[in-house]
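The values are calculated or read from the model by the stated rules, or taken from the named source; none is laboratory data. This one's a predicted model, so the numbers in the text were calculated from it and none came from an experiment. Positions of Cβ are generated from backbone atoms using ideal geometry, with glycine treated the same way; all protein chains shown enter the neighbour counts. Heavy atoms of the whole protein, side chains included, go into the accessibility calculation; ligands, DNA and RNA do not. Shrake-Rupley method; radii C 1.70, N 1.55, O 1.52, S 1.80 Å.
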Amino acid sequence: RTAPAPGSAAPPWHTMPADELAKRLSVDSRTGLDEAQVVRRRVQYGPNELPQATRRSAWTMLLDQFSDFMILVLLAAAAVSGIVGEALDTIAIVVIVLLNAAIGFVQDFRAERAMAALNRMAAARARVRRDARVLELPAEDLVPGDIVLLEAGNIVPADLRLTEAVRLRCAESALTGESQPAEKSVEALAQPDLPLGDRTNLAYKGTLVVQGRAEGIVIATGPAAELGRIARLLALEEQARTPLQQRLARFGNRLAWAVLAVCAIVFVAGLARGEPPVLMFLTAVSLAVAAIPEALPAVVTIALAIGAARLVRQNALIRRLPAVETLGSVTFICSDKTGTLTENRMRAEAFRAGGERAPVDPAREPWHSLFSAAALCNDARPGPDGLLGDPTEIALLEAAQAHGASRAALAATHPRVAELPFDSTRARMATLHRSGERWIAYVKGAPEASRWSKCWSLTAAGPAPLDARAVLEQAERLAHGGLRVLALAFREFDAPPARPQDIEQDLVFLGLVGLMDPPRPEAAAAVAECRAAGITPVMITGDHPATARAIALRLGIVEDPGEVMTGAQLARLDEAALARRVRDIRVYARVDPEQKIRIVRALQSRGEFVAMTGDGVNDAPALRRADIGIAMGRGGTDVAREAAHMVLLDDDFATIVHAVREGRRIFDNIRKFIRYTMTSNSGEIWTLFLAPFLGLPVALLPIHILWINLVTDALPGLALAAEPAERAVMQRPPRAPGESIFAHGMWQHMLWVGLTMGGVCLALQAWAWSGGSAHWQTMVFTVLTLSQLGHCLAVRSERDSVFAIGVWSNRMLTASLALTFALQMATIYVPALNVVFKTQPLDAAELAISLAASCVVFVAVEVEKSLARAGVLYRERG
């Protein structure tokens, strides 16, 4: 075979000389493939297209929304409500189920678009040499062995082994994570296991040519290309269920069986006491409808929607609603470096000239000449939105202009007359300028180039012999700090140099400039807040280890010296070894897409909930695998955004902290609703369940149960979703991944408060019934309803008193409680409703007794919270 079959391991193309590669692929680089070869290879390798994931039909996605057990229970509850003649309850349940199905369908449909976005990155057309002619063809027609011609502005149409490259640079950050455009060459490389970013004689499908021109031989197309490999990873990764979905699924399954058991016991106990079978059947099924919190999916949806709306105002777009809550469970944030923690632009960070570390007086030598060289030996140019060109040259020009070296003014007095472009052999760039009757050459390049040893050094006192060893040591120290270091020099001539190479002889050394893609200004504070909240930030990048370490040290992700694990080191670890070390590593460098997924999986195998941030194509599979994927909205690719759960509209790492706060608030509010509604339901169950055993008649009619369920769950319960965040919500650690939704005293609260609520109702019933009151059932109905409203007010905070947080801090809840109270009073005092609800108006004494009994639960819960604050009850959270 002449090229690897799709999906198989490719030979180390970057280690082969170009002529040997052409021979292996049976192609003449001067003429290209002939038509017969193209036809055979197209049959063998297929079209140059990315693999398509198996797509679910719209009907399948829609039907999948009704497969959850809790949804099936709700539909059964709707059917029961219809049987007992409660059409309003049936309609409410069905609307809630359909709302959730619609939201889930939209989320699944969006997820299916990730692969389509990946395909849009492929080049539409390519210039190819075939049969000794240069043709422009659809990129999908390329086959291994084709000769492709590239120039600035082209998207690379397939993976290429370069055979000719003239000042070629490719922007590969979306694939490799490198912030700098990669300089390309044609020489064979010795090491077979180099990371993608170090294979400088290869150009990858989907990357952009930003400078120069080149020719290359196609070595991989479609699925066999590096972009295709990422597409396969993306197709294989399934969305993980969120912590909330897992908790609610377990809760719903257990609740359904418990409710059925309780209803059966109530039915049998009523029959044993001699109650009519029809009445007990209706009571049991009404209790089943009341006990199942059918408003829970709606509360979850509304809570998440409110959170999503709040986050949009803080520049975080939620693509999948459950992701808002998931952030509250996150224990590790694995962040890409380029464009996420850094600004994704180069900036001059350090200077060394004339023995000085900073330009105290930029107008004095050697600083004046240094910044003049940075401005003139430079191809960056003004554009409509700032400077255009290579990021390194833009950074040099910005530094020069910031220190008073105006390129426009210098160009007027020192016009460029010639240049020697950068190449990898010389590792330099030089420009020649006319200055009056003289000529001056400016040179910039790598500080380790051997010719610097023959230089002079310009100091404030004039030229002096250059200590090349000291310069190299300075450059190494800067590089160890993660900087890209350039040296600048100049030479003056009385006449134009006779030979181009003379420009770079006998130079006068000016100084060193260290450049870096700097951390975002707000990133360090965001990292500190994450750590305070018990979240561990981890940097995963394709960049150089020294650069990664330097950024991590600045941001506080690691402490000096800061261990960095490279992709090569990670590859030597098996899954068990990686799982043992993964919690201790904070920085990974030179990693590829599969390794990012390995890191996420290793953390998840240790019980961690993982957020992954990123902006490139290479991040998409890990974004999809993570418990929550966070993509960049400004600098990110469509592929990353489609694979992610959340998009940062401002590309600001600090926005994640706001999202974490919102996620914790939402989960707290969902817990409050479950605490409230399940306690209320248990109060109803105890009231009905215990009455027959105490020799009392059934306390409530089916219409009473359904009414209580409707008015107490609907308005006050939903208003809990808007409750503000708890005090010190970001000073406690994340929830333990395996933590029950009933942790921190919640099930104990539900048990004793439900018993208290039922006990108050039964005590009132026994007193009124034994006293011969004709209104005893109306009084029990009123006390049970209003007790639940008092409980709702009390559970607004798990520990703080309602008077401390303020009665009006949640105006929606306060208004809903007032409205529900008014509706309950209407069932007692509006004659038409007396007929419907089988109630009687209470006199002043009966109403006063009912109101006083209704306050017992509120007072008891406030006492419970005061004991919790004192550390007497339950375990403190965080």
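Inside the range 738-762, residues that are open to solvent by 20 Å² or more (accessible area, probe 1.4 Å) and either in a helix (DSSP H, G or I) or acidic (Asp, Glu) (or both) make up a count of 10.
Selection of first residues in the range 180-204 that are assigned to a helix (DSSP H, G or I) and of second residues that are hydroxyl-bearing (Ser, Thr, Tyr) and at pLDDT below 90, restricted to Cβ pairs under 6 Å at least 6 apart or on distinct chains, gives the following pairs, ordered by first then second residue: 196/176; 197/176. Looking only at the range 196-219, residues that are open to solvent by 40 Å² or more (accessible area, probe 1.4 Å) and touching a helix residue (DSSP H, G or I) at 6+ places or on another chain (Cβ under 6 Å) come to 1 in all.
Of the candidates 568, 528, the single residue that is open to solvent by 20 Å² or more (accessible area, probe 1.4 Å), farther than 21 Å from residue 599 by Cβ and of a type in the set (A, V, I, L, M) is 528. Of the strands (runs of 3 or more DSSP E) lying entirely inside the range 395-497, those carrying at least 1 residues that are surrounded by 15 or more Cβ atoms within 10 Å (Cβ to Cβ), in contact (Cβ under 8 Å) with a residue 24 or more places away in the chain and among the polar types (S, T, N, Q) are 428-435, 456-459.
Among the residues in the range 804-812, are any assigned to a helix (DSSP H, G or I) and among the polar types (S, T, N, Q)? Among the residues of the range 804-812, not one is assigned to a helix (DSSP H, G or I) and among the polar types (S, T, N, Q), which makes the answer no. Criterion applied to 671, 641 was being among the charged types (D, E, K, R) and farther than 24 Å from residue 817 by Cα, and the one residue passing it is 641. For the range 239-251, the criterion of being farther than 21 Å from residue 697 by Cα, modelled with pLDDT of 75 or more and among the charged types (D, E, K, R) is met by no residue. With respect to being surrounded by fewer than 20 Cβ atoms within 10 Å (Cβ to Cβ), over 28 Å from residue 277 (Cβ atoms) and among the small types (Gly, Ala, Ser), residue 770 falls outside the description.
Here residue 294 fits the description: surrounded by 20 or more Cβ atoms within 10 Å (Cβ to Cβ), charged (D, E, K, R), at pLDDT below 70 and out of contact with any strand residue (DSSP E or B) (no Cβ under 8 Å at 6 or more places or on another chain).
Listed by position, the helices (runs of 4 or more DSSP H) enclosed by the range 539-611 that each have at least 1 residues that are farther than 26 Å from residue 325 by Cα and touching a residue at least 60 places away in the same chain (Cβ under 8 Å) are 545-555, 567-571, 593-605.
Conditions tested, residue by residue: (1) out of contact with any Ser or Thr (no Cβ under 9 Å at 6 or more places or on another chain); (2) under 26 Å from residue 735 (Cα atoms).
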| site | (1), (2) |
| --- | --- |
| 548 | no, no |
| 553 | yes, no |
| 556 | yes, yes |
| 577 | yes, no |
| 584 | yes, yes |
| 603 | no, yes |
| 624 | yes, yes |
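Every condition in (1) open to solvent by 20 Å² or more (accessible area, probe 1.4 Å); (2) more than 20 Å from residue 671 (Cβ to Cβ); (3) modelled with pLDDT under 95 is met by residue 809 except one, and the failing one is (2). Scan the range 29-44 for residues that are modelled with pLDDT of 90 or more and either at positive phi or touching a helix residue (DSSP H, G or I) at 6+ places or on another chain (Cβ under 7 Å) (or both) and the total you get is 1.
Exactly one residue out of 396, 341 is touching a Lys or Arg at 6+ places or on another chain (Cβ under 8 Å) and at pLDDT 85 or above: that is 396. Residue 836 meets each of the listed conditions (1) in a helix (DSSP H, G or I); (2) modelled with pLDDT of 90 or more; (3) farther than 14 Å from residue 794 by Cα; (4) not aromatic (Phe, Trp, Tyr) apart from (2). Any residue at all in the range 779-787 that's farther than 17 Å from residue 845 by Cα, open to solvent by less than 10 Å² (accessible area, probe 1.4 Å) and not β-branched (Val, Ile, Thr)? Checked against the condition, which is being farther than 17 Å from residue 845 by Cα, open to solvent by less than 10 Å² (accessible area, probe 1.4 Å) and not β-branched (Val, Ile, Thr), the range 779-787 yields at least one hit.
To keep it simple, each residue is scored yes or no on (1) touching a strand residue (DSSP E or B) at 6+ places or on another chain (Cβ under 7 Å); (2) of a type in the set (Gly, Ala, Ser); (3) farther than 25 Å from residue 314 by Cβ; (4) in a helix (DSSP H, G or I).
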residue: 634; (1), (2), (3), (4): no, no, no, no
residue: 656; (1), (2), (3), (4): yes, no, no, yes
residue: 661; (1), (2), (3), (4): no, no, no, yes
residue: 672; (1), (2), (3), (4): no, no, no, yes
residue: 679; (1), (2), (3), (4): no, no, yes, yes
residue: 700; (1), (2), (3), (4): no, no, yes, no
residue: 708; (1), (2), (3), (4): no, no, yes, yes
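What about residue 876, is it of a type in the set (Asp, Glu), surrounded by 13 or more Cβ atoms within 10 Å (Cβ to Cβ) and either modelled with pLDDT of 95 or more or assigned to a loop (DSSP other than H, G, I, E, B) (or both)? So residue 876 fails the test. Test residue 627 against the criterion of being at pLDDT below 85 and open to solvent by 10 Å² or more (accessible area, probe 1.4 Å), and give yes or no. So residue 627 fails the test. Scanning the range 711-723 for residues that are of a type in the set (A, V, I, L, M, F, W, C), buried (at least 21 other Cβ atoms within 10 Å of the Cβ) and touching an Asp or Glu at 6+ places or on another chain (Cβ under 8 Å) turns up nothing.
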